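The values are calculated or read from the model by the stated rules, or taken from the named source; none is laboratory data. Please read these numbers as outputs of a predicted model, since none were measured by experiment. In this analysis, Cβ positions are derived from the backbone assuming ideal geometry, glycine residues included, and neighbour counts consider all displayed protein chains.
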Amino acid sequence: MRGRQDRGAWWDRLASRLGVRRPVTVADEAGHRHATWFELFFDVIFVFALAEVVGRLGEDPSPRPRSVLAAFGLFLVVQWAWVGHAFYATRYEADDLPHRLLMLLSLLGAGAITLGVDEVPRGPMLPIGYLIVRGVLLLLYLRGRPPPGVARAGTHVYLIGFGLGWLIWLTSLAVPAHVRPVFWITGTVVELATPWVGYRWLSRWPVDVRHLPERVGQFVIIVLGSTVANLLATVPDYPDRTMVLTAAVASVVPAAIWWIYASYIGGGIPIHRLRGGQPYTYLHYLLSGGLLLLGWALGQTVRAVHGDIVLTKEVRLLLAGSATLWLVCGLGLYWLAIRVSWPAALGAGYGIASVWAIALAVSSPFLVLVLLSVAIATYAVLFTAVLGRERPDQGMALTTPD
């Protein structure tokens, strides 16, 4: 018995010197936690991954629905790989040597995903990178398993569901390239369904009500940054006045979207229905995907203004469809924070009707940009006014439900 105690004491001393400590759940930590430096560093890799996803669409003036769906699916894979670590960080506190080494390994996986997006489905880099990122996440949950209780039950939900999805992705490496997407879709669907299957346990293990919205919001900013980069890529080295004016008009759209989102996140409105974070985060998957496609379609419209391509009906429909997806998901987020009031619903209805009227009735690319910018900017003004009416009644701090 004494020898076992000596060995235990020796291991504790060694672990202390190496900076090794067991991860603790957020409930054991006090105060508001912001994103760590390592989390922000992790985000940088995914900036390039999103650029590769947009690059899949290229400059095709008539994108086929299959190509759009493939790009949207790849975006979901990239975002799902990112968001898993955001959920871990909002429930566990860890920054010791093993954690940093595992996160560095995850960074390598994210880099492989970035390199593999362009070669889907032939190349192995995407599945290998995904397996690394998600495998590291499984190891983190294994390492941080808390004592028996709600947190441990929630951890087991993740380990079982995500582990099954990981095995399906692993199996995809052994099948022909043209069959791999079937395994990727199946594995991802299993993982996406896991938090809902385990909703009973995860809703009793609430996420950090400030950290998760902050992290998810930072990913939205990354997507908006990709939209701005898409517009900047349309401007040549020595632009004329028309080109500058066109880019300025187009930039009103991402600026207005940023204004709306910043008003929602930074307005101090309590997100009463956050709980385990599933509805809030899943709405953001669709919202961010819509913004990514909207940014690409805006870039194509700018190119059409200057005669590089023709503004096709497909691009106009994609403009309206992606904007509608953003507006509907935004209304869902509004409901999670407050409720679907008549002013909020009417404002979203105005936005949806406007973008579809523009897409179906206007063919001039410059006029499309002008009208779309006016419509989105007007919606930003209406949304800010409606949100301002709700703010005094809701308080100024994020809270969880009683």
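The set of residues from region 258-270 being in contact with a Ser or Thr (Cβ under 8 Å, 6 or more places away or on another chain) and either modelled with pLDDT under 90 or not aromatic (Phe, Trp, Tyr) (or both) comprises ILE260, SER263, PRO270.
Could you tell me whether any residue of region 185-207 is under 30 Å from ASP308 (Cα atoms) and part of a helix (DSSP H, G or I)? No, region 185-207 contains no residue that is under 30 Å from ASP308 (Cα atoms) and part of a helix (DSSP H, G or I).
Restricting attention to region 140-152, the residues that are touching a residue at least 40 places away in the same chain (Cβ under 8 Å) and either under 26 Å from the mean Cα position of the chain (by Cα) or surrounded by 21 or more Cβ atoms within 10 Å (Cβ to Cβ) (or both) add up to 5.
May I ask you to say which residue of TRP169, TRP205 is at negative phi and within 21 Å of the chain's Cα centre (by Cα)? Walk me through it before giving the result.
Numbers: TRP205 fails: within 21 Å of the chain's Cα centre (by Cα).
Exactly one residue qualifies, and that residue is TRP169.
Residues in region 54-80 that are charged (D, E, K, R) and in a loop (DSSP other than H, G, I, E, B): ARG56, GLU59, ASP60, ARG64.
Which residues, counting only those in region 143-153, are within 21 Å of ARG204 (Cβ to Cβ) and assigned to a helix (DSSP H, G or I)? So that I can check it myself, show each step before the final result.
To start, the set of residues in region 143-153 that are within 21 Å of ARG204 (Cβ to Cβ) comprises 144-153.
Of everything in region 143-153, those that are within 21 Å of ARG204 (Cβ to Cβ) and assigned to a helix (DSSP H, G or I) turn out to be VAL150, ALA151, ARG152, ALA153.
Right, SER354: among the polar types (S, T, N, Q), in a helix (DSSP H, G or I), closer than 16 Å to LEU283 by Cα and in contact (Cβ under 8 Å) with a residue 12 or more places away in the chain or not? The answer is no for SER354. Taking the criterion of being surrounded by fewer than 14 Cβ atoms within 10 Å (Cβ to Cβ) and farther than 21 Å from THR301 by Cβ, the residues of region 344-380 that qualify are LEU346, GLY349.
Can you find even one residue in region 199-216 that is modelled with pLDDT under 90, closer than 17 Å to VAL78 by Cα and of a type in the set (A, V, I, L, M)? Yes. Inclusion of ILE265 among residues that are under 20 Å from VAL78 (Cβ atoms), under 16 Å from the mean Cα position of the chain (by Cα), surrounded by 15 or more Cβ atoms within 10 Å (Cβ to Cβ) and of a type in the set (A, V, I, L, M) is not warranted.
Kindly provide the set of residues from region 113-123 that are surrounded by 20 or more Cβ atoms within 10 Å (Cβ to Cβ) and part of a helix (DSSP H, G or I), ordered by number. Hits for region 113-123 are ILE113, THR114, GLY116, VAL117.
For GLY307, the conditions (1) touching an Asp or Glu at 6+ places or on another chain (Cβ under 9 Å); (2) at positive phi; (3) of a type outside the set (S, T, N, Q) are fulfilled apart from (1).
Being outside the structural domain of PHE183 (by TED's automatic domain parsing) and modelled with pLDDT under 90 is a property that GLU119 lacks.
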